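A.B. asks: Encoded as structure tokens, here's the structure I'll be asking about.
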Amino acid sequence: MYHIDFNNPVHVHFIGIGGISMSGLAHILIGRHFTVSGSDSHESELTDALEKEGCTCSYKQEASNIHPDYDVVVYTAAISDSNPELARARELGIPTLTRAELLGQLMKNYKVAVNVAGTHGKTTTTSMITEILLAGNCDPTISVGGILHSIGGNVRVGKSDIFVTEACEYTNSFLSFYPTIDVILNVKADHLDFFKDIDDIRHSFKLFTEKLPKDGTLIINTDIDNYEYFYKDTDCEVITVGSNPATSRYSAADIAYDSAGCCSYTLLIDNKPNGTIKLGVPGKHNVYNSLAAIAVAIKLGLDLETIKKGLCGFSGTDRRFQKKGTFNGVTVVDDYAHHPDEITATLDSAKHFPHNRTWCVFQPHTYSRTKALLGDFAKALSAADIVVLADIYAARETDNLGISSADLQKAIGELGKECYYFHSFEEIEKFLLKNCINGDLLITMGAGDVYKVGEALVNQ
């Protein structure tokens, strides 16, 4: 394993530098005076920002982009062994790191490395922690999986010894990390194109907790089934959060909603009231995300007033119940939800948002997830008044599982819900323009490019 040492900056080349995570890691290295170059298939706002900081970017991946004097080459999981740049680096004997391995190496340069893990809620919770740390003038380095406007993007390079990042379980990426504080928000069946089943996923999260040193800290949601399983073989400190005050050090009572669906609640610490927390993002699920953020903040020594200020000032990241605008009196919201539990949480949030009917335009994400969780998707989506389906967003997969959005439409229809399916965004937009009425709430939902539907309607 090649070791990254901030005291010894070298030349790092990124294959696929335009991705949101890869570009963020490149920014961190540039901020630590490393020489950074990279390649991608096309120019973007992310690569433009890197070039302004002195990074050299190529927009064609070819062997000639790799020079013998490069010290290490980083690549994403999407890069195959036949990639000309990766093949050339190996031919020249240049050390290589996966994106996850590089992220793990970066962590080793910080005294505090907070890893936020879970099937869902990672981006929001990481962002909440960020806002609290910024309110406390802690000057953290942040890597988040979405655009957080308070830091001007998806990364912030600080000068303190605190590093906060999301920790994704897919392909066991987080097993390459070196955390000092782990947060586990939830553990659900997902990424079944890689994991065999829920037990395999749970085992992976258990291995993740075992990465903690003896003086490390695990913050875990007690609403997870058999949550003790994840730390029973570790010596680390365990801090619990969750809905049950009897089993959770941090819990919530008196949850209330404002006119925008944002929650306030009484913070319970060891089942004792500790003031009122007001959130700037909608949804009850965010109460429990905020409890995890509070636990991290208190562990790092921040006071409750700073914590309240940070949470109240957090208004969300892009694509997390993000209001996009209106058309014909219809409010358009976009959300990244692509797992049944996330869909349930988002549609529950919508209930507390002023509106008449709820329209959900859903774009399933990957064939394997759609097939494995078809019934769960149908049940979750049936919470909307009317569902409109787009074609499955393939992402990293090919269509060889015999599944389509038509199967999901059938399952939703069998639950007695009104559901439509169109093959193109243009057809969806025309249908919505004709059928949505003043006072309706339209939510575009999915991890692909379905947000374009809402943007097109707002821009009519």
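The values are calculated or read from the model by the stated rules, or taken from the named source; none is laboratory data. Note that the structure is predicted; figures quoted are calculated from it, not measured. Methodologically, a virtual Cβ is constructed for each residue, glycine included, from the backbone with ideal geometry; neighbour enumeration extends over all protein chains shown. Calculation scope for accessible area: heavy atoms of the full protein, side chains included, ligands and nucleic acids excluded. Shrake-Rupley method; radii C 1.70, N 1.55, O 1.52, S 1.80 Å.
A.B. asks: Looking only at the stretch 375-394, count how many residues are more than 13 Å from Thr344 (Cβ to Cβ) and out of contact with any Gly (no Cβ under 9 Å at 6 or more places or on another chain). Walk me through it before giving the result.
C.D. replies: Applying the first criterion (more than 13 Å from Thr344 (Cβ to Cβ)) to the stretch 375-394 yields 375, 385-394.
Retained after the next criterion (residues that are out of contact with any Gly (no Cβ under 9 Å at 6 or more places or on another chain)): 375, 385-389, 391.
Count: 7.
A.B. asks: As an exercise: evaluate Thr171 against (1) under 26 Å from Leu207 (Cα atoms); (2) open to solvent by less than 20 Å² (accessible area, probe 1.4 Å) and give the number of the one condition it does not meet.
C.D. replies: For Thr171, the failing item is (2).
A.B. asks: Quick check on Ile412: is it part of a loop (DSSP other than H, G, I, E, B), farther than 23 Å from Pro282 by Cα and aliphatic (A, V, I, L, M)?
C.D. replies: No; evaluated as a whole, the condition is false for this residue.
A.B. asks: Looking at Gln105, is it buried (at least 21 other Cβ atoms within 10 Å of the Cβ) and either more than 27 Å from the chain's Cα centre (by Cα) or modelled with pLDDT of 95 or more (or both)? Full working, then the answer.
C.D. replies: Working: buried (at least 21 other Cβ atoms within 10 Å of the Cβ): yes; either more than 27 Å from the chain's Cα centre (by Cα) or modelled with pLDDT of 95 or more (or both): yes.
So Gln105 passes the test.
A.B. asks: What pairs come up if the first residue lies in the stretch 299-326 and is farther than 30 Å from Gly446 by Cβ and at pLDDT 95 or above, the second is assigned to a helix (DSSP H, G or I) and not aromatic (Phe, Trp, Tyr), and their beta carbons are under 7 Å apart, counting only those six or more places apart or on different chains?
C.D. replies: Close Cβ pairs (under 7 Å, with a partner that is assigned to a helix (DSSP H, G or I) and not aromatic (Phe, Trp, Tyr)) amount to Leu302/Ile132; Thr306/Ile132; Thr306/Ala135; Ile307/Ile132; Ile307/Ile294; Ile307/Ala297; Lys309/Ala135.
A.B. asks: Given (1) acidic (Asp, Glu); (2) out of contact with any helix residue (DSSP H, G or I) (no Cβ under 8 Å at 6 or more places or on another chain); (3) touching a residue at least 12 places away in the same chain (Cβ under 8 Å), where does Asp376 come up short, assuming only one miss?
C.D. replies: If we test Asp376 against (1) acidic (Asp, Glu); (2) out of contact with any helix residue (DSSP H, G or I) (no Cβ under 8 Å at 6 or more places or on another chain); (3) touching a residue at least 12 places away in the same chain (Cβ under 8 Å), just (2) comes out false.
A.B. asks: Take the residues in the stretch 230-270 that are open to solvent by 70 Å² or more (accessible area, probe 1.4 Å) and hydroxyl-bearing (Ser, Thr, Tyr); name whichever of them is farthest from Val333 (Cα to Cα).
C.D. replies: Tyr257
A.B. asks: Kindly establish whether Ser41 is surrounded by 22 or more Cβ atoms within 10 Å (Cβ to Cβ) and under 26 Å from the mean Cα position of the chain (by Cα). Please lay out each step first, then the result.
C.D. replies: Numbers: surrounded by 22 or more Cβ atoms within 10 Å (Cβ to Cβ): no; under 26 Å from the mean Cα position of the chain (by Cα): yes.
It is false that Ser41 is surrounded by 22 or more Cβ atoms within 10 Å (Cβ to Cβ) and under 26 Å from the mean Cα position of the chain (by Cα).
A.B. asks: Pull up the stretch 425-438, narrow it to residues that are surrounded by 13 or more Cβ atoms within 10 Å (Cβ to Cβ) and in contact (Cβ under 8 Å) with a residue 60 or more places away in the chain, then point me to the one that is nearest to Pro354 (Cα to Cα).
C.D. replies: Within the stretch 425-438, the subset surrounded by 13 or more Cβ atoms within 10 Å (Cβ to Cβ) is 425, 427-429, 431-433, 435-436.
Checking the rest, the ones that are also in contact (Cβ under 8 Å) with a residue 60 or more places away in the chain come to 428, 432-433, 436.
On the way: Ile428: 24, Leu432: 19, Leu433: 20, Cys436: 16 Å.
Taking the candidates together, the pick is Cys436.
A.B. asks: Inside the stretch 200-229, can you point out the residues that are under 15 Å from Tyr178 (Cβ atoms) and either open to solvent by less than 60 Å² (accessible area, probe 1.4 Å) or of a type in the set (A, V, I, L, M) (or both)?
C.D. replies: Step one: filter the stretch 200-229 for residues under 15 Å from Tyr178 (Cβ atoms), giving 207-218.
Across the stretch 200-229, the qualifying residues are Leu207, Phe208, Thr209, Leu212, Pro213, Gly216, Thr217, Leu218.
A.B. asks: Here's another thing I want to ask about it. So how many residues does the stretch 394-409 have that are at pLDDT 90 or above and surrounded by 15 or more Cβ atoms within 10 Å (Cβ to Cβ)?
C.D. replies: The number of residues fulfilling the criteria is 6.
A.B. asks: Restricting attention to the stretch 300-355, report how many residues are touching a Ser or Thr at 6+ places or on another chain (Cβ under 9 Å) and among the charged types (D, E, K, R).
C.D. replies: Final tally of qualifying residues: 10.
A.B. asks: Would you check which residues across the stretch 45-75 are among the hydroxyl-bearing types (Ser, Thr, Tyr), open to solvent by 30 Å² or more (accessible area, probe 1.4 Å) and within 23 Å of the chain's Cα centre (by Cα) and list them?
C.D. replies: If the condition is that a residue be among the hydroxyl-bearing types (Ser, Thr, Tyr), open to solvent by 30 Å² or more (accessible area, probe 1.4 Å) and within 23 Å of the chain's Cα centre (by Cα), then Tyr75 is the only one that fits.
A.B. asks: Here are the criteria: (1) touching a residue at least 24 places away in the same chain (Cβ under 8 Å); (2) open to solvent by 10 Å² or more (accessible area, probe 1.4 Å). Tell me which single one Asp197 does not satisfy.
C.D. replies: (1)
A.B. asks: Give me the helices (runs of 4 or more DSSP H) completely within the stretch 300-383, filtered to those with at least 1 residues that are farther than 30 Å from Asp193 by Cβ, charged (D, E, K, R) and open to solvent by 40 Å² or more (accessible area, probe 1.4 Å), ordered by residue number. Walk me through how you get there before you give the answer.
C.D. replies: Values: elements: 304-313, 340-351, 367-372, 374-381.
Fully inside the stretch 300-383 and qualifying: 304-313, 340-351.
A.B. asks: Would you be able to tell me the number of residues in the stretch 204-221 that are part of a helix (DSSP H, G or I) and touching a strand residue (DSSP E or B) at 6+ places or on another chain (Cβ under 9 Å)?
C.D. replies: 3
A.B. asks: Which of the numbered conditions does Asn115 fail, given that it passes all the others? Conditions: (1) open to solvent by less than 10 Å² (accessible area, probe 1.4 Å); (2) in contact with a Cys (Cβ under 6 Å, 6 or more places away or on another chain).
C.D. replies: (2)
A.B. asks: Applying the selection to the stretch 120-168, what residues are closer than 20 Å to Leu50 by Cα, open to solvent by 40 Å² or more (accessible area, probe 1.4 Å) and within 13 Å of the chain's Cα centre (by Cα)?
C.D. replies: Ile147
A.B. asks: Is there any pair linking a residue in the stretch 33-47 that is more than 21 Å from Pro84 (Cβ to Cβ) to one that is among the hydroxyl-bearing types (Ser, Thr, Tyr) and at pLDDT below 95, with Cβ under 8 Å and at least six apart or on different chains, and which?
C.D. replies: So the pair list comes out as Leu46/Ser23.
A.B. asks: Report, by residue number, each residue of the stretch 5-23 that is free of Cβ contacts under 8 Å to residues at least 40 places away in the same chain and touching a helix residue (DSSP H, G or I) at 6+ places or on another chain (Cβ under 9 Å).
C.D. replies: The initial filter retains those residues of the stretch 5-23 that are free of Cβ contacts under 8 Å to residues at least 40 places away in the same chain, namely 7-9, 18.
If the condition is that a residue be free of Cβ contacts under 8 Å to residues at least 40 places away in the same chain and touching a helix residue (DSSP H, G or I) at 6+ places or on another chain (Cβ under 9 Å), then Pro9, Gly18 are the ones that fit.
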